Amino acid sequence: MDYVYVGKLVNTHALKGEVRIVSDFSFKSRVFLVHNNLYLGKDKEKVTIESYRVHKNYDMVKFCGFNDISDVLRFKGMSVYFLKDDLVLESGEYLDSDFLGKKAIYDGKVIGKISDIINNNGYKLFCVSGKYIPYNFDFISSVGKDVVFKNLEGII
């Protein structure tokens, strides 16, 4: 099973078992749905979403069967994952992890491998051999076995 990192459970909220998750995941609207399963921590403990709402910068989630703050305190600080197979992507939609390790090609030449994707104040960048390329489909010609870039004059 392939797990996709969705965010981090940073704290509890109030006394009824609700938790705060910090997430910049691109497809939150498809993950944080009632009755969807999330997986917590390195052991990937399975929990089911009972309710979801947004509060300030947090994704507030209540899990089925966890009705008290003492039930969810142990989850504080854990990473939150979702099963990749449970996420339905439309044509032309990609997870960040789909790009990692792929060769980056520009002007018919391999310019390196995509080693990381960083979030620079809400704007994502590909890290390719120490250079940063905007994570923007205006600069991507095609995605397959490799990622073919276009319009990079002056960027690299």
key: In the range 131-150, the residues that are surrounded by 12 or more Cβ atoms within 10 Å (Cβ to Cβ) and either in a strand (DSSP E or B) or of a type in the set (Gly, Ala, Ser) (or both)   = Lys131, Tyr132, Ile133, Pro134, Ile140, Ser141, Val143, Val147, Val148, Phe149
query = Given the conditions (1) buried (at least 17 other Cβ atoms within 10 Å of the Cβ); (2) free of Cβ contacts under 8 Å to residues at least 12 places away in the same chain, which single one is not true for Val54?
reply = (1)
remark   = Ser70: passes all of (1) within 30 Å of Leu152 (Cβ to Cβ); (2) at pLDDT 95 or above but (1)
Qualifying positions in the range 64-88 - surrounded by 12 or more Cβ atoms within 10 Å (Cβ to Cβ), more than 14 Å from Lys28 (Cα to Cα) and within 20 Å of the chain's Cα centre (by Cα) = Phe75, Lys76, Met78, Ser79
remark   = Those residues of the range 89-130 that are surrounded by fewer than 16 Cβ atoms within 10 Å (Cβ to Cβ) and assigned to a loop (DSSP other than H, G, I, E, B) come to a total of 14
note = Taking the range 37-76 and the residues there that are β-branched (Val, Ile, Thr) and not in a helix (DSSP H, G or I), the one that is nearest to Ile21 (Cα to Cα) would be Val61
inquiry  = Condition first: at pLDDT below 90, touching an Asp or Glu at 6+ places or on another chain (Cβ under 7 Å), at positive phi and not aliphatic (A, V, I, L, M). Can you find one or more residues in the range 141-156 that meet it?
reply    = yes
task = Please name all residue pairs, on different chains or six or more residues apart, with Cβ atoms under 9 Å, provided the first residue is in the range 116-134 and is in contact (Cβ under 8 Å) with a residue 40 or more places away in the chain and the second residue is aliphatic (A, V, I, L, M).
result = Asn119/Leu125
note = All-but-one check, Leu33 against (1) part of a loop (DSSP other than H, G, I, E, B); (2) under 26 Å from Ile118 (Cα atoms), failing number (2)
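The values are calculated or read from the model by the stated rules, or taken from the named source; none is laboratory data. These numbers come from a predicted model, not from an experiment. FYI the Cβ positions are ideal-geometry reconstructions off the backbone, even for glycines, and counts take in every protein chain you see.
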